[in-house]
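See below for the structure under consideration.
Just so you know, all these numbers are worked out from the coordinates, no wet-lab data involved. Just so we're clear, the structure is a prediction, and the values are computed from it rather than from any experiment. Neighbour counts are summed over all protein chains in view; Cβ atoms, including those assigned to glycine, are modelled from backbone coordinates with ideal geometry.
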Amino acid sequence: MERILLVDDDVELCEILVEYFAAEGFEMETAHDGVRGLERARSSEHALMILDLLLPRLRGLDVLRELRAKSNLPVLILTARGEDVDRILGLELGADDYLPKPFNSRELLARVRAILRRVRPSSDGARIAIGDVTLDPAVRHAWRAGRPLSLTMAEFALLEVFLRHSGEVLSREQLAEQVLGRPLAPFDRSIDVHVSNLRKRLGDAAGAREHIRAIRGEGYVFVWVEPGRE
């Protein structure tokens with residue numbers, strides 16, 4: 001039985017979700033403030049953390065920032081509806097996905113299952129190497145120029161999709177379905193933020209080798225182009 005850590009100061013909501021997730025085969029532990037949530041998230045006892053951003057003692061964004069310094073535990077953040085800035089900042093700090101409050105329990109369960117599917121090793125265990133990037137789906141490790149890449153689960157899944165479709169332009173909608181396991185909502189910038197984070201991990205910058213290129217109005221393509229060789 002997979003264990004989920006729910007960090008939210010709404011005790012009644014936590015009780016409802018504990019019961020709901022138990023009926024779906026999950027064990028859910030709860031914490032009601034950021035300090036306790038961070039402590040439990042660091043225990044390595046959970047498959048995923050659901051993190052509310054509005055927490056006492058330590059803000060959710062600070063919990064995420066401190067956690068990401070040492071852990072790639074998958075994180076789904078809960079945000080107040082309309083709080084686009086916090087949502088984007090959460091993704092930039094390494095959250096795997098988000099869900100605005102209020103939400104339907106079934107939608108939360110679907111998001112959790114989609115993230116956990118990404119965590120599991122791929123059925124196709126063959127290594128993939130394009131340019132200076134190598135990815136091993138069997139052990140969920142990736143390297144650039146022989147050096148390990150520290151990636152969140154969403155970033156790893158995104159890189160795997162790009163490498164398997166190297167040279168193909170992939171729309172944001174295609175990437176959302178394959179990486180997030182859901183369609184994009186209107187004005188949803190999740191994929192753009194994950195792509196931006198991945199490009200930073202790969203060292204894409206002005207004057208450097210370019211791995212991922214944005215195609216205006218179409219999406220993104222993994223190209224791995226060296227400067228002056230376009």
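Only beta bridges with both residues in the chain are counted; by DSSP, about 45 percent of them are antiparallel.
The Rg/Rh ratio of the stretch 3-119, with Rg taken over Cα atoms and Rh as the Kirkwood radius over Cα pairs, comes to 0.91. Pairwise alpha-carbon distances in the stretch 78-178 exceed 18 Å for 56% of all pairs. Dividing the convex hull volume of the alpha-carbon atoms in the chain by its residue count gives 126 Å³ per residue. For the peptides 101-113, 65-77, the ranking by mean Cβ contacts within 10 Å, running from highest to lowest, is 65-77, 101-113.
Using a 10 Å cut-off around each Cβ, can you sort ARG57, ARG81 from fewest to most neighbouring Cβ atoms?
The most exposed by this proxy come first: ARG81, ARG57.
In the stretch 128-225, one over the average inverse separation of all distinct C-alpha pairs is 13.5 Å, which is the Kirkwood hydrodynamic radius.
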